[in-house]
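The values are calculated or read from the model by the stated rules, or taken from the named source; none is laboratory data. Keep in mind that this is a model prediction, so the values were computed, not measured. Cβ coordinates were reconstructed from backbone atoms using ideal geometry, including for glycine residues, and neighbour counts include every protein chain displayed.
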Amino acid sequence: MDKIKKLFLLFIFVLTGCTNSTAPTPTALSTIRETYTPFVEAFKTSDQCPNICWMGIHPGTTSTEEAFRLISNSNQFNQQVTQRNDESIKARWYTEKTKKFGASVYITISDGLVKSIRMGKLIPFTVEDFIDLLGAPSEISFWVGKDNHDNIFTIYTIYYPSTQTSLKAHISGIRGPDPNDIIEVFDTGTEINDDSFQPWLGYGEVEKYFSKGTPTVHPPDIYQ
């Protein structure tokens, strides 16, 4: 099995095996967004950040020392869990002002520079927050499976190949993307080569996205 596919299956296996939670319902999400405003301004695109910057950190440009300094000097992080070694920086970033919600952050390092940034559980960030910032994506892929209670779920990945940025959403049932879907995983600085990607057709469009059948994934396959 392709290495990238194995890693992706591992992500799904961990996600479905270690949590019984589901994506927020539309009603719950509406309540969350009424109360909690995401730090959208933490993400920027500009001439200085031709891909995307987060908290002033730009993969491929920002040094390890500068990235660690920016994180260590910011009150938007839980400094008790910030870690650093020769290969990575790990942190906990508060995604909104009340600090109720936080995202796990994993920054990879190569030759003294930030190589990539991965974040998980970006509540209250939604797909629309990033599309407003980055524009319409180029590609999307879908994986459908069942959790430990036989509830069907869909994980879809939106991808911007020009900036090597991807967004993953974990939703209940089988459907196309929705602007209010919460971001499960954010990645930038990581190239994805996956033949399951198809052109982005916009929100909804479930019949067109699944015109060739419903893709499925079986977590035990990772051990093959």
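Annotations
Results for (1) outside any strand (DSSP E or B); (2) more than 22 Å from Q164 (Cα to Cα); (3) at pLDDT 95 or above, shown as yes or no for each residue.
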{"residue": "G60", "(1), (2), (3)": "yes, no, no"}
{"residue": "E65", "(1), (2), (3)": "yes, yes, yes"}
{"residue": "S74", "(1), (2), (3)": "yes, yes, yes"}
{"residue": "D86", "(1), (2), (3)": "yes, yes, no"}
{"residue": "I89", "(1), (2), (3)": "no, no, yes"}
{"residue": "W93", "(1), (2), (3)": "no, no, yes"}
{"residue": "T98", "(1), (2), (3)": "yes, yes, no"}
{"residue": "T108", "(1), (2), (3)": "no, no, yes"}
{"residue": "I117", "(1), (2), (3)": "no, no, yes"}
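- Some residue of segment 119-126 being at pLDDT 90 or above, more than 17 Å from C53 (Cβ to Cβ), touching a Leu at 6+ places or on another chain (Cβ under 7 Å) and not assigned by TED's automatic domain parsing to the domain that holds S88: no
- Selection of first residues in segment 76-103 that are without any contact (Cβ under 8 Å) to a residue 24 or more places away in the chain and outside the structural domain of I182 (by TED's automatic domain parsing) and of second residues that are part of a strand (DSSP E or B) and exposed (fewer than 12 other Cβ atoms within 10 Å of the Cβ), restricted to Cβ pairs under 6 Å at least 6 apart or on distinct chains, gives the following pairs, ordered by first then second residue: K90/Q83.
- For segment 53-71, the candidate set comprises residues that are of a type in the set (S, T, Y) and buried (at least 19 other Cβ atoms within 10 Å of the Cβ); within that set, the residue that is farthest from T190 (Cα to Cα) is T64.
- Within segment 142-169, the residues that satisfy the criterion of being in contact (Cβ under 8 Å) with a residue 24 or more places away in the chain and part of a loop (DSSP other than H, G, I, E, B) are D147, N148, H149, N151, P161, S162, T163, Q164.
- Against the criterion of being buried (at least 18 other Cβ atoms within 10 Å of the Cβ) and either among the hydrophobic types (A, V, I, L, M, F, W, C) or over 20 Å from P59 (Cα atoms) (or both), V81 does not qualify.
- Test: residue in segment 200-213 that is in a strand (DSSP E or B) and either touching a residue at least 12 places away in the same chain (Cβ under 8 Å) or of a type outside the set (A, V, I, L, M, F, W, C) (or both): no
- Counted residues, segment 132-141 - those being assigned to a strand (DSSP E or B) and acidic (D, E): 1
- Residue among F186, F130, F142 that is at pLDDT below 95 and of a type in the set (A, V, I, L, M, F, W, C): F142
- Search result, residues across segment 109-140 that are farther than 30 Å from D86 by Cβ and either free of Cβ contacts under 8 Å to residues at least 60 places away in the same chain or surrounded by fewer than 16 Cβ atoms within 10 Å (Cβ to Cβ) (or both): V127, E128, I131, D132, L133, G135, A136, S138
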